[in-house]
Amino acid sequence: VHRLRAVDPGLPAIVATAYTGDEDLAAARQEGLLAVLPKPLPLQQLLELVASAKRGGLVALVEDDRAMADNVSELLRQRGFGTVTATSVLETERLRGVRPFAALVDLRLPGGVDGEGMARLDARFPGLPMIVLSGHHDVTPPLPPVARMAKPFDSAALLEAVEALYVAHVEG
C-alpha cells in the first residue's frame, strides 16, 4: 500500500486478507484503505465498494475517541471515501505519505494544547479544508474551519458537508 500511495496517492485501495483481526483493521485505518475484506471475498460487498469508491477521496480523521472514529470512518466508507486516522497530536505527524482532500478534526486531543492537531494539519497540508467536530464549545479553532459541528452531530449533515468538499475538490 505504501508503494501504491507513492505512485498514485488518489487510488482507492481495498485489501483482501485471511487475517482480519484487530491489528489488521488498525493498520487499515492508518493506511487510508477503503476496506479490509476477509477471504473468501464477499463478492457483493466488493462490487459495492468498487462501485462507490472515489478517486482522491481520502479524508484525514483526527479524533481521540476510537469508537467515534470507527463510526465516522464506516459512514464515510459507505459513501466511497477512505479515511486515515490519528488519535493524538503526535499521530498527526505520521500522515506524511497521504494526500487527503479534507479533514475532520477534534479540537481537544491528547499530547498538545487545544487546536494543535488542526494547526499541525494545516502546516503539513496548507489550505486543506477542515471540518471541526467537537463537544468543546469554548475552544476557538486556530484557523477558520469550513464548518463546525458540535458533538453529537447530525451524521447526514456531516456526510453532506464532506460530499460538497469532494465535489469542489474534483471540480477545482
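The values are calculated or read from the model by the stated rules, or taken from the named source; none is laboratory data. Worth saying up front: this structure is predicted, and the values here are computed from it rather than measured. Note that each Cβ is placed from the backbone with ideal geometry, even for glycine, and that neighbours are counted across all protein chains shown. Surface areas here come from the heavy atoms of the whole protein model, side chains and all, with no ligands, DNA or RNA. Shrake-Rupley method; radii C 1.70, N 1.55, O 1.52, S 1.80 Å.
So what's the net charge close to Thr140: Lys and Arg +1, Asp and Glu -1, counting the other residues with Cβ under 11 Å from its Cβ?
Net of charged neighbours comes to -1.
For the stretch 93-167, just say rounded, prolate or oblate: build the C-alpha gyration tensor, square-root its eigenvalues into a ≥ b ≥ c, call rounded for a/c under 1.5, and beyond that prolate if a/b exceeds b/c, oblate if not.
Cα axes put the stretch 93-167 in the oblate bin.
What does the charge dipole of the stretch 60-122 about its Cα centre add up to, to the nearest 20 debye, if the Cβ of each Lys and Arg holds +1 and the Cβ of each Asp and Glu holds -1?
340
In what sequence, highest mean first, do 80-87, 2-9, 109-116, 146-153 appear when ranked by Cβ atoms within 10 angstrom?
Ranking, from highest mean packing down: 80-87, 109-116, 146-153, 2-9.
Could you give the length gained on full extension between Glu171 and Ser88, defined as 0.36 nm per residue of separation minus the Cα-Cα distance, in nm?
26.7 nm
First select every other residue whose beta carbon is under 9 angstrom from the beta carbon of Thr87; then total the charges, Lys and Arg +1, Asp and Glu -1.
Net of charged neighbours comes to -3.
Net charge near Leu11, counting Lys/Arg +1 and Asp/Glu -1 over other residues with Cβ under 13 Å of its Cβ?
+3
Assign unit charges at the C-beta atoms only (+1 for Lys and Arg, -1 for Asp and Glu), then state the dipole size of the chain relative to its Cα centre in Debye, rounded to the nearest 20.
About 540 debye.
Under the rule of -39500 (n - 2.57) per DSSP H run of 4 or more residues, summed and divided by the residues of the chain, what mean residue ellipticity at 222 nm is obtained, to the nearest 500 deg cm²/dmol?
Mean residue ellipticity, 222 nm, calculated: -11500 deg cm²/dmol.
Solvent-accessible area per residue for the stretch 50-172 at a 1.4 Å probe radius, Å²?
About 47 Å² of surface per residue is accessible.
Of the residues Leu121, Leu47, Leu159, which exhibits the maximal mean-square fluctuation in a Gaussian network model of the chain defined by a 10 Å Cα contact cut-off?
Leu47
For the chain, with all protein chains present and a 1.4 Å probe, just round the carbon and sulfur fraction of the accessible area to a whole percent.
55
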